[in-house]
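Enquirer: Sharing a structure below in structure tokens format, with a few things to ask.
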Amino acid sequence: MHVTLHRPGHGVGHHGQVPGIYDEPELYEAACAYRDVPVEVAALLRWSGLHRGAGAGSPRSVLELAAGPAEHSRDLARRGLEATALDLNPAMCARARDLAKAAGVSLTVVEGDMRDFSIPGEFDLAITMLNSLCHLLVLDDLLRHLAAVAAHLRAGGLYIMELAHPADFFAAERRTSSEWSTEVGGGTVSVRWGAQDQIDPVTQITREHVSVTYLKRGAPLRTVADVVPNRFWTATELVAAIRLAGRFDLVASYGDFDDDLPLDAPKAWRMILILRRR
């Protein structure tokens, strides 16, 4: 049996809703299974120790934005942090709750828009992973997002954002692959994400064609196909937006989660910016 989920023609609506692949949390998880979440979380904690300032101590609370299945905030909760995950998609929120319950970790899950949200209390650390900021398509959205994050961080708290590396758009060869396969849970997931899609030179938006196929022994073949609008943000634009927002200082940048690789290193494959709340 072959189960195909196809939602052509859907885009990002007024409130940033992205249907399709994000409505299928298990397939999305399988597509991203190549990530080493514990290594990445260890880097987040290491950078928190380096950049929160003298005497700040280790972070006790974390807010993950556009969290999806909330893998990073679940791992942080497992390490003792008070963790909250926010996502716009109800299916992702339900999946995050189920996974946290199954893992026996305490995780607060909030359904909300990362441009405009209100959660009680303040956090020591906020994170946005996996280039989820690409769903903020215009400057006004990015500025609203930065203001919302700043309102939920303690003074001296950090906001760590992970985006695609500029070399994926400007270099002769991409730093990341647009096609990959991973062995997951007794099966194989094959992914095509944005292969040969062109960026609009005016809006810096691509309409990325996505397909994820999951072949698991003893189960039906599952496939989801989608078209996802993504905005490419340059480092210069991000720095300018941070200054314009006026609530953060950019204190560090890295090109990978291993070895604190500089952003301009030849092997850098991510653009990781660390902002400190004023």
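Enquirer: Over the stretch 141-278, average the accessible area per residue using a 1.4 Å probe and give it in Å², no decimals. Can you show the working numbers first?
Expert: Numbers: 6600 Å² over 138 residues.
Counting only protein heavy atoms, the per-residue value for the stretch 141-278 is 48 Å².
Enquirer: What's the longest uninterrupted piece of the chain once you rule out the GluC sites (Glu not before Pro) that are loop residues per DSSP with at most 16 other Cβ within 10 Å? Each step should come with its number before you reach the end.
Expert: Values: sites that count: E122, E173.
Free of exposed loop sites, the longest segment is 1-121.
Enquirer: Carbon and sulfur together cover what percent of the accessible area of the stretch 155-239 at a 1.4 Å probe radius?
Expert: Carbon-and-sulfur percentage of accessible area, whole number: 54.
Enquirer: Right, here's the next one. Residue by residue through the stretch 108-120, what is 3J(HN,Hα) from phi via Karplus (6.51 cos²θ - 1.76 cosθ + 1.60, θ = phi - 60°)? Round to whole Hz and write x for glycine and proline.
Expert: Each residue of the stretch 108-120 in turn: 8, 10, 10, 8, x, 8, 5, 8, 7, 9, 9, 10, x Hz.
Enquirer: Right, another one. How far is helix 235-245 tilted, in degrees, relative to the longest principal axis of the Cα atoms in the chain, given as a value from 0 to 90 rounded to the nearest 10?
Expert: 50 degrees
Enquirer: For S61, what residues show an amide H to amide H distance below 5 Å, using hydrogens built from the backbone and excluding near sequence neighbours?
Expert: E82, D124, L125
Enquirer: Angle between the Cα long axis of helix 139-151 and the longest principal axis of the chain, 0 to 90 degrees, nearest 10?
Expert: Once rounded, the angle reads 60 degrees.
Enquirer: What is the Cα centroid distance between the stretch 150-183 and the stretch 64-141, reported in whole angstrom?
Expert: Answer, in whole Å: 16.
Enquirer: How much length would be gained if the chain were fully extended between T234 and L221, taking 0.36 nm per residue of separation minus their Cα-Cα distance, in nm to one decimal?
Expert: Full extension of this stretch gives 0.9 nm more.
Enquirer: Check L153: other-chain or 5+ apart residues with amide H under 5 Å from its amide H, H built from backbone geometry?
Expert: F123
The values are calculated or read from the model by the stated rules, or taken from the named source; none is laboratory data. Model, not experiment: these values are computed from the prediction. With ideal geometry, Cβ positions are generated from the backbone for all residues, glycine too; neighbour counts draw on all protein chains shown. When the accessible area is computed, the model is the full protein with side chains, heavy atoms only, and any ligands, DNA or RNA have been set aside. Shrake-Rupley method; radii C 1.70, N 1.55, O 1.52, S 1.80 Å.
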